[in-house]
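See structure below.
The values are calculated or read from the model by the stated rules, or taken from the named source; none is laboratory data. Treat the numbers as computed from the prediction; the structure is a model and nothing was measured. As a convention, Cβ positions derive from the backbone with ideal geometry for all residues, glycine included, and neighbour counts pool all protein chains shown.
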Amino acid sequence: MEFSYIQAVDAQGDAAPEAIAFFNSRGESISYGELKRKSDALARWIAAEPAFEPGVPLVVYGHKSPLMLVCFLACVKSGHAYVPVDVLYPRERIANIIGQLGQTAVLDTIGTIPEVMGDLLVRPHFDIASFSDAHYAQHAGAPAPACVRPEDTFYILFTSGSTGTPKGVQIIAECMDNFSNWLLNSEFALDEKRVWFNRSPFTFDLSVTDLAWGLPHGDTLFALEDEAEKSLALTFEALSKSGITDWVSTPSVLDQMLADEKFNADLIPTLKRTVHVGEVLRPETVSLAKQRFPGLQVFNGYGPTESTDFVSLCEITSEMLADDRSLPIGYTKPGTELVVLDPETLEPVPDGEHGELFVIGNTVAQGYWGRDDLTQAAFHSCPESIARGRRSYRTGDEIARDPSGMFYYHGRYDLQIKLHGYRIELGDIEATLCSLPEVNMACVLPIKRDGLISHLVAVIVLADADAPRGFAQTKLLKQQIRPILPPYMVPRTFKYVDAIPLNQNGKADRKALAALIDG
Ligand code: AMP
């Protein structure tokens, strides 16, 4: 049976009001009944508050608290898309996002945004954390009548853009409904109630997995907050008390945990399944996880933020682990077509051959917020004879499909990378470095160890050829990019060269450069 995501989550509030929808390692929790009551009240308050222009996307600032969920639901119930902004983001990036959104306002779930942003905070902001029970009671009542329609934007996630400006992926309500309906009405449908590890920050599409899969099913989501994220020991302590059954994370996060032998079935005896999306899942990781957690089911999914979340999924079997090929990324979900085209001619390539993947169908985003140029290139380049009026997205991923319809990932055609699970456009970092007065040219190289990117190196041509090139220079450059880029985008190492070698097209010759800094 097809359902509307919002109605299905609300229905849990009526059916099992006492059941816990979300809790975190700080001991904060919210029941389904409270989630419904508070999000309804907040939606009514938003609808009545003149600072919120009708229909504009609203920034929701915070981390992993129940109030984030309340705000997300309140936004869509009052006809606004929500834009999660995590505390991890530096102030200039937040200012950039707010600037791109124009007539937005900020729902601050921790009450710190004025302090963090200072004079860069130019839009109205509201400290939702200080709302009392009386405040919610004052606005209590039936949901606001202005809930987003299927064609309206449900959320916007900002992801790294190649020119130094993050780009906002606009997901419409229909996408959320379709994604959630697939998960709950397919072979992946859930039987008993689950407890999900909601690991990924809400700014990443991976976090949509358990929001879409777990909440309409009446499951419980568990997240880490603050202290518990600071060390593996504290994380393990929190996990051991969580009772999680289902784990959703990038493979990197699982690798990080598995590096410690204490991460095993004694620590989390309830763990039954893990779901991984976002980067290459290695057979070694799966084998070790299955060894540590006997009977564990491991799933690999594939999909970009631009297609809501994953559009293919499969359970990793022992046959797949024994196969010479890389692990598959799954079969296509219903309502989606994955087509592999020659990146030059845009002609379909035969099964087994590599080509660029285009995602077509009912969970593809509308485009990038306010960026028609980027939207045109990424969402309107699939030949119409193939897209046939459906939304499509050009992924930049090198993929092959085998005759059974199983897909395999083989890398990227461009300079987008994954570092410890984070999506990064190298051009984003390079543009930021080049904006500094000390820098004439910059090129950022990913350094691989054991087949995985371990860190980034920035290769710099200084504006003043005679300027010192040592530790002090690097410190100065890092200091200047830290307020602009999230910590995971700040290159670990800086190298200085007189010139960046160029290839025949006049672009940085990254291979030659890698050899140069290696030597
Ligand atoms: P994001 O928008 O952060 O979800 O990143 C999307 C990109 O992550 C894709 O375009 C791929 O390059 C990569 N990716 C996603 N899932 C997988 C997977 N299962 N295996 C390899 N790469 C993946």
One residue is enough: does the range 289-299 have a residue meeting the conditions over 27 Å from ILE417 (Cα atoms), among the aliphatic types (A, V, I, L, M) and crowded, with 24+ Cβ neighbours inside 10 Å? no
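Listed here are the residues, each with its yes/no results for (1) of a type in the set (Phe, Trp, Tyr); (2) closer than 29 Å to GLY99 by Cα.
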position: MET441; (1), (2): no, yes
position: ALA467; (1), (2): no, no
position: TYR488; (1), (2): yes, yes
position: LYS507; (1), (2): no, no
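Give the range 262-294 a look and list any residue that's acidic (Asp, Glu) and in contact (Cβ under 8 Å) with a residue 12 or more places away in the chain, or say none.
Start the filter on the range 262-294 by keeping residues that are acidic (Asp, Glu), which leaves 266, 279, 284.
If the condition is that a residue be acidic (Asp, Glu) and in contact (Cβ under 8 Å) with a residue 12 or more places away in the chain, then GLU279 is the only one that fits.
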All-but-one check, ARG388 against (1) more than 16 Å from the ligand (Cβ to nearest atom); (2) among the basic types (Lys, Arg); (3) closer than 22 Å to THR209 by Cβ, failing number (3)
Please list, ordered by residue number, the helices (runs of 4 or more DSSP H) wholly in the range 413-519 having 1 or more residues that are of a type in the set (Val, Ile, Thr), over 25 Å from THR203 (Cβ atoms) and in contact with a strand residue (DSSP E or B) (Cβ under 8 Å, 6 or more places away or on another chain). 471-481, 510-518
Taking the range 103-126 as the region of interest, how many residues are hydrophobic (A, V, I, L, M, F, W, C) and farther than 26 Å from GLY370 by Cα? 1
Restricting the range 398-413 to residues that are touching a residue at least 60 places away in the same chain (Cβ under 8 Å) and within 14 Å of the ligand (Cβ to nearest atom), the one surrounded by the fewest Cβ atoms within 10 Å (Cβ to Cβ) turns out to be HIS410
Hey, among the residues in the range 206-244 that are in a helix (DSSP H, G or I) and acidic (Asp, Glu), which one's nearest to the ligand (Cβ to nearest atom)? ASP210
For the range 112-152, give me the residue count where each residue is touching a residue at least 12 places away in the same chain (Cβ under 8 Å), aliphatic (A, V, I, L, M) and closer than 25 Å to ILE30 by Cβ. 10
When the residues of the range 249-270 are narrowed to those that are over 18 Å from the mean Cα position of the chain (by Cα) and hydrophobic (A, V, I, L, M, F, W, C), which ends up surrounded by the fewest Cβ atoms within 10 Å (Cβ to Cβ)? ALA259
Given the condition touching an Asp or Glu at 6+ places or on another chain (Cβ under 6 Å), closer than 23 Å to ASN181 by Cβ, modelled with pLDDT of 95 or more and assigned to a loop (DSSP other than H, G, I, E, B), answer yes or no: does some residue in the range 358-371 qualify? yes
For the structure I just gave you, tell me whether THR375 is within 16 Å of the ligand (Cβ to nearest atom), closer than 30 Å to LEU88 by Cα and without any contact (Cβ under 8 Å) to a residue 60 or more places away in the chain. yes
Only residues in the range 164-191 that are over 30 Å from ALA146 (Cβ atoms) count as the first member; pair them with residues that are away from the ligand (no atom under 16 Å from the Cβ), Cβ under 6 angstrom, at least 6 apart or cross-chain, and list the lot. GLY164/ALA431; GLY164/THR432; LEU190/HIS217
Pick from SER180, SER162: which is surrounded by 23 or more Cβ atoms within 10 Å (Cβ to Cβ) and small (Gly, Ala, Ser)? SER180
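State all residues of the range 483-512 that are farther than 21 Å from PHE471 by Cα and in contact (Cβ under 8 Å) with a residue 12 or more places away in the chain; if no residue qualifies, say none.
Residues of the range 483-512 farther than 21 Å from PHE471 by Cα: 486, 501-512.
If the condition is that a residue be farther than 21 Å from PHE471 by Cα and in contact (Cβ under 8 Å) with a residue 12 or more places away in the chain, then PRO486, PRO501, ALA508, ARG510 are the ones that fit.
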